Amino acid sequence: MNDKEFGQRVRQLRESASMTREQFCDDELELSVRQLTRIEAGASKPTFSKIQYIATRLGMGLGLYELMPDYVSLPERYSKLKFDVLRTPTYGNEDLAEKRDAMMTEIYDDYYDELPEEEKIAIDAIQSRIDTLESGTAGFGKEILEDYFEQIFRKRKYELNDLLIVRLHLEYVRLSSCDSEIFRQFLKIIEHLHEQINIINSNDLFVLRDTLLSCVNILGSKKYYEPIPKIFDSVDKIIQSTQDFQKKPIVSVLKWKYALFVDKDRDEAEKHYLDAVLFAKLIENRELEQKIEEDWRVDNQ
């Protein structure tokens, strides 16, 4: 069943159930009217979760395989590339940035055209975030935020792709002022992120962790410190829960900066500095270790 045939079937079943698109989409948290319209027109390849939701709304007990029996999951290589892009930090290293860019190029060249719409949006959100960070200007991915951010903002539980759009949004926050509406909304987003720790898919916790760390970075750059200790607590919970210490050096760096510049507690800052060096050694990242040592010297001049 191709996308057009699937869309026609969904429309026929929806109309047979005497539901308008607005009624079918309900509060639009899982599926917006715009998304349904594109699916029914065959202009959008639906994801697994969207097909499941549509099947549930149509009262199909067997769900996905009753509605679309020939559904094919995402290519394994694509899923690995996406994971590696998200999982591999660059730390400002040009070689690592080039490796990441090569993976993104492979995704766009070999998989993008056949991806479901949500996956295309996720990949575009990743690339737009990279472009925004590297250029220091807003504008990249603006349409994604206009079309999807409000829907995500109202969700109780975030999926991985929701977090990727939130991370793109954060780069717009980074370029805004503290008295702007987008910054006030950002403070509410932080509270939503805290709530995700116990409900998000455990495989996505590392992205939630990185999103929270981006929030600390933004808050610190704007000297808006009040929410930071709670974010540290949430990040620590994720690290303990997952036993994933990849970002522990960065967490310790951020903690020393908070202790040194906000609490004015050099002894506490030094403890976090020593932790940062220790964990950089444990993950065998000599370049990161050297950057941490240099950063500490600069902060203590």
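Any read-out appearing in this document is the output of simple, stated calculations on the displayed coordinates, not a laboratory observation. Given the structure is predicted, the values throughout are model-derived calculations rather than measurements. Cβ atoms come from the backbone with ideal geometry, glycine included; neighbour counts cover every protein chain shown.
Would you mind checking K142/K188; K45/K247; K222/K271 for any pair whose Cα atoms are more than 28 angstrom apart?
In this structure, K45/K247 exceed 28 Å between Cα atoms.
Compute the Cα gyration tensor for region 84-203, then decide on rounded, prolate or oblate, letting a ≥ b ≥ c be the square roots of its eigenvalues: rounded whenever a/c is under 1.5, prolate when a/b is larger than b/c in the other cases, and oblate in all that remain.
Because a/c hits 1.5 or more and a/b exceeds b/c, region 84-203 counts as prolate.
When the distances between all Cα atoms of region 3-67 are binned every 10 Å from zero, what whole-number percent does each bin get?
All Cα pairs, binned at 10 Å, distribute as 24, 64, 12 percent.
Which one, A17, L58, S44, projects farthest toward the positive side of the charge dipole computed for region 3-67 from Cβ point charges (K/R +1, D/E -1)?
The residue sitting most towards the positive pole is S44.
Between the alpha-carbon centers of region 192-229 and region 122-162, tell me the distance in whole angstrom.
Value for the Cα centre distance between the two parts: 16 Å.
So I have [x] 21.2; [y] 19.0; [z] 27.6, and one of them is Kirkwood radius over Cα pairs in Å calculated from this model. Which one is it?
Answer label, from the structure shown: [x].
To the nearest 0.05, how large is the calculated FRET efficiency for A102 and S18 if R₀ is 51 Å and r is the Cβ-Cβ distance? Spell out each step's value before the answer.
Working: r = 51 Å, r/R0 = 1.00.
Approximately 0.50, to the nearest 0.05.
Work out the P(r) tail for region 212-301: percent of alpha carbon pairs separated by more than 18 Å, whole number.
Working: 1731 of 4005 pairs.
Result for the distance tail: 43 percent.
Would you work out the charge dipole size for the chain about its Cα centre, treating the Cβ of every Lys and Arg as +1 and the Cβ of every Asp and Glu as -1, and quote it to the nearest 20 debye? Walk me through the intermediate numbers first.
On the way: 43 positive and 58 negative charges, 131 e Å.
Roughly 620 debye for the chain.
For C25, C178, what's the fewest-to-most ordering of other Cβ within 10 Å of each Cβ?
Going from sparsest to densest Cβ surroundings: C178, C25.
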